[in-house]
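Notes follow once the structure below has been shown.
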Amino acid sequence: MTRSGWVGAIGLGLLVAMALLAPVIKPRDPLDLVGRPLLEPFADPRFLLGTDALGRDVLAQLLYSARVSLVVGLAAAAGAIGIGIGVGTVAGFLGGRVDGILMRISEAFQTVPTFLLALALLSALGASTANVVLAIALSSWPATARLVRAEVLSLRQREYVDAARLAGLGPLTVAFREVLPGALQPVVALVGVTVGAAILVESALAFLGLGDPNQISWGVMISNGRQAIRVAPFLVVIPGVCVALAILSVSLLGDGLAARLAPQRRYLS
Amino acid sequence: MAAGGSATAGGPTTSARPDHAALEVRDLRVRYRSIDDHGPDVLAVDGIDLTMDRGEVLSLVGESGSGKSATLLALAGLLPANASVSGSVRLQGHDILALPERARARVRGRGIGMVFQDPGGSLTPVLTVGSLIDEVLLVHRGLQGAAARAETEALLARCGVGDPARRAQAYPHQLSGGLRQRVAIAAALAAGPEVILADEPTTALDATVQAQVLDLLVGLVADEGVALVLVTHDLAVAAAVADRIAVMYAGRIAEERPAGELMERPGHPYTVALRAAALPFRPRDRDGEGIQERLPELRGRMAAAGGTGCSFAPRCPLATDHCRLVAPPLEPFEGGLVACWRAGELAEWPGVESPEVEPEVPLAAIEPQAVGWPGQGA
């Protein structure tokens, strides 16, 4: 794997470790009021990253936020990629009218910016973690669908598809068993981008107060810190840096994996 | 198998179900609509009849554009969407062109196996060759799990794949070209078909492997009693393995006769030209000896199908005004059928008496084991 890919893997590994070790490092509820408000970072050894306007531990919030952001980001991206693969494979393999209908639907989704669509869906569905995942997944599948469709379109011209058709295998069997696995390589590169985008959208939704109100996340932290940005900019900067690092890590890792798979790809085509 | 055999009296093996021919094609026509809907239609196959018995090898020979591949694709149901087919294709007692689509796919899947030119392209790269064959066994014979795998290994072994248990775990790219083609043949046999269609099955292979694969196909025809339709542009290959040869030109059959007789005394001037252009089917010397001169060239281009007169007339040294006006019908000629007004006079044409191609090829003498490849158990 490329060096930048390893950097991404390490970054993502650190974030996952943060998320997993949150209850070990900070056993208390991160929303408890534990100290003097607006303590600067490193001022008090009990609160390494300081406290917010209500006297809550910033480090604890940061660790627990990593859980929400990563879980929502990964789950939403998995949903988006799953829908995209299904739609793209069916559209590309069956072609004709089915392809036309599915692609018009995906264009309808693409004309609305991902974030606005997620926002609208979430307003309609109501704020909860599951709905956040659903809204992000439903608004970000078209890119994967188009990519998979393009790959499947080129692969379905291959003779092995003819051979399988003649052998009497059903179109969906051929599409998903024999064609789809060969079309997945470019999707790997898209995984990083999709996960990154999902994390960003989740943070933005949380910033606007559309996340689960009972859960802390990086977006919520930025939103809370905004009011004190003049006196305590670290309340916004620290979670902001975490969001940026998370997106950078998954993007680098995705690119690294894609580069890693490239030689095999060359063989397949 | 040596060239020869009778024209219509059936193959050498006893047929399991002698009530109908393995494959019966009547008045098959394939028409391509032009893609942009403005150009004229192209008639790729212009009314051909074929009858195949079990245990018989029929070779379709012709240059590019003669309609041999379109015929094969029509039989296999693999023509592109802008092609239309008419006529009748009887397989296992059904006229498959008249069946609804689902039933047609089922009858075809069971009754026809196809071997493609490039085994690298006809085997999916994402499944092991064993799972690929398992899949066919599940769909057509309801075999699953260990039973399917045992049958897969038996099929591979029958197709000369050494160490089938290990090879079944391999992906196509891990196998050599010859092994891949053997796997493709095993996959084509998996459903237990009566007819195998082979589209230039050896063109993409090394010369030595070519002989082995042809040998395998011919052996399977004899052992399994399947009918083999072998499409090739190489008359020498056809002469080496086929019982009958059908020479196609501009979408029609120009001559269809027992292979040996056709090679010795061609009935159609086009067959003469093809024979003159064929390379002897034998390994070349290292220093290139054996082919010293340029092969004779057939000048001109193939006429489009469906015109008036004989479509070969513009390139034919024997053509008369009559040939150019009236298309010759396919009529009985020395054990087969020939479509030429001057078929009887062909013996007088210079070059006909001295064939440059020797049809007796020691194909059967090449034992696969004698050459050997990695992992070949014997």
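The values are calculated or read from the model by the stated rules, or taken from the named source; none is laboratory data. Model, not experiment: these values are computed from the prediction. FYI the Cβ positions are ideal-geometry reconstructions off the backbone, even for glycines, and counts take in every protein chain you see. All accessible areas refer to the heavy atoms of the entire protein, side chains included, with ligands and DNA or RNA removed. Shrake-Rupley method; radii C 1.70, N 1.55, O 1.52, S 1.80 Å.
What single numbered condition from (1) assigned to a loop (DSSP other than H, G, I, E, B); (2) surrounded by 20 or more Cβ atoms within 10 Å (Cβ to Cβ) fails to hold for A:A127?
(2)
Applying the selection to the range A:167-184, what residues are facing another protein chain (nearest Cβ under 7 Å) and touching a Leu at 6+ places or on another chain (Cβ under 6 Å)?
If the condition is that a residue be facing another protein chain (nearest Cβ under 7 Å) and touching a Leu at 6+ places or on another chain (Cβ under 6 Å), then A:G182 is the only one that fits.
Taking B:G145, is it in contact (Cβ under 8 Å) with a residue 60 or more places away in the chain and away from chain A (no Cβ under 14 Å)? Before you say what the answer is, go through the steps one by one.
On the way: in contact (Cβ under 8 Å) with a residue 60 or more places away in the chain: no; away from chain A (no Cβ under 14 Å): yes.
Spelling it out, it is not the case that B:G145 is in contact (Cβ under 8 Å) with a residue 60 or more places away in the chain and away from chain A (no Cβ under 14 Å).
Listed residues A:L14, A:L70, A:L31; which is open to solvent by 40 Å² or more (accessible area, probe 1.4 Å) and either under 24 Å from A:V188 (Cβ atoms) or modelled with pLDDT of 95 or more (or both)?
The match here is A:L14.
Checking B:G65 against (1) crowded, with 20+ Cβ neighbours inside 10 Å; (2) more than 14 Å from every other protein chain (Cβ to nearest Cβ), only one condition comes out false. Which one?
(1)
In the range B:128-142, how many are charged (D, E, K, R) and at the interface with chain A (Cβ under 9 Å from one of its Cβ atoms)?
1
Residues in the range A:188-196: is at least one at pLDDT 90 or above, surrounded by fewer than 17 Cβ atoms within 10 Å (Cβ to Cβ) and away from chain B (no Cβ under 14 Å)?
No, the range A:188-196 contains no residue that is at pLDDT 90 or above, surrounded by fewer than 17 Cβ atoms within 10 Å (Cβ to Cβ) and away from chain B (no Cβ under 14 Å).
Report yes if some residue within the range B:174-184 is of a type in the set (G, A, S), closer than 24 Å to A:P181 by Cβ and within 12 Å of chain A (Cβ to nearest Cβ); otherwise report no.
Yes, some residue in the range B:174-184 is of a type in the set (G, A, S), closer than 24 Å to A:P181 by Cβ and within 12 Å of chain A (Cβ to nearest Cβ).
Among the residues of the range B:149-173, write down those that are crowded, with 20+ Cβ neighbours inside 10 Å and away from chain A (no Cβ under 14 Å).
B:E153, B:L156, B:C159, B:G160, B:V161, B:P164, B:R167, B:A168, listed by residue number.
Please enumerate the residues belonging to the range B:112-127 that are more than 7 Å from every other protein chain (Cβ to nearest Cβ) and open to solvent by less than 10 Å² (accessible area, probe 1.4 Å).
Step one: of the range B:112-127, the residues more than 7 Å from every other protein chain (Cβ to nearest Cβ) are B:113, B:115, B:117, B:119-120.
Result: B:G113, B:V115, B:P119.
Give me the residue from the range B:174-210 that is among the polar types (S, T, N, Q) and under 18 Å from the mean Cα position of the chain (by Cα) and, out of that set, most open to solvent (accessible area, probe 1.4 Å).
B:T203
B:E101 versus (1) within 12 Å of chain A (Cβ to nearest Cβ); (2) over 18 Å from the mean Cα position of the chain (by Cα); (3) in contact (Cβ under 8 Å) with a residue 40 or more places away in the chain: which is the lone unmet condition?
Only one criterion in (1) within 12 Å of chain A (Cβ to nearest Cβ); (2) over 18 Å from the mean Cα position of the chain (by Cα); (3) in contact (Cβ under 8 Å) with a residue 40 or more places away in the chain is unmet by B:E101, namely (3).
On the basis of being open to solvent by 10 Å² or more (accessible area, probe 1.4 Å), modelled with pLDDT under 90, farther than 22 Å from A:G11 by Cα and of a type in the set (A, V, I, L, M, F, W, C), does A:V231 make the cut?
Answer is yes for this residue.
Would you mind telling me which numbered condition in (1) open to solvent by less than 40 Å² (accessible area, probe 1.4 Å); (2) in a helix (DSSP H, G or I) A:V24 fails?
For A:V24, the failing item is (1).
Which one is nearest to the other protein chains (Cβ to nearest Cβ) among residues in the range A:148-164 that are crowded, with 20+ Cβ neighbours inside 10 Å and more than 19 Å from B:R180 (Cα to Cα)?
A:L155
For the range B:84-112, enumerate the residues that are of a type in the set (D, E, K, R) and assigned to a helix (DSSP H, G or I).
Taking the range B:84-112 first, the residues of a type in the set (D, E, K, R) are B:90, B:95, B:101-102, B:104, B:106, B:108, B:110.
Correct list: B:E101, B:R102, B:R104, B:R106, B:R108, B:R110.
When A:S65 is evaluated against the numbered criteria (1) within 30 Å of A:V174 (Cα to Cα); (2) open to solvent by less than 20 Å² (accessible area, probe 1.4 Å), which criterion, by number, is the only one it fails?
Only one criterion in (1) within 30 Å of A:V174 (Cα to Cα); (2) open to solvent by less than 20 Å² (accessible area, probe 1.4 Å) is unmet by A:S65, namely (1).
Does the range B:309-330 hold any residues that are touching a Lys or Arg at 6+ places or on another chain (Cβ under 7 Å) and basic (K, R), and which are they?
Within the range B:309-330, just B:R315 meets the criteria.
Looking at the range A:73-88, can you tell me whether even one residue there is open to solvent by 30 Å² or more (accessible area, probe 1.4 Å), part of a loop (DSSP other than H, G, I, E, B) and within 21 Å of A:A244 (Cβ to Cβ)?
No, that holds for no residue.
For every residue, the table says whether it meets (1) assigned to a helix (DSSP H, G or I); (2) without any contact (Cβ under 8 Å) to a residue 40 or more places away in the chain; (3) not basic (K, R).
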position: A:Y160; (1), (2), (3): yes, yes, yes
position: A:L169; (1), (2), (3): no, yes, yes
position: A:R177; (1), (2), (3): yes, yes, no
position: A:L180; (1), (2), (3): yes, no, yes
position: A:V193; (1), (2), (3): yes, no, yes
position: A:S223; (1), (2), (3): yes, yes, yes
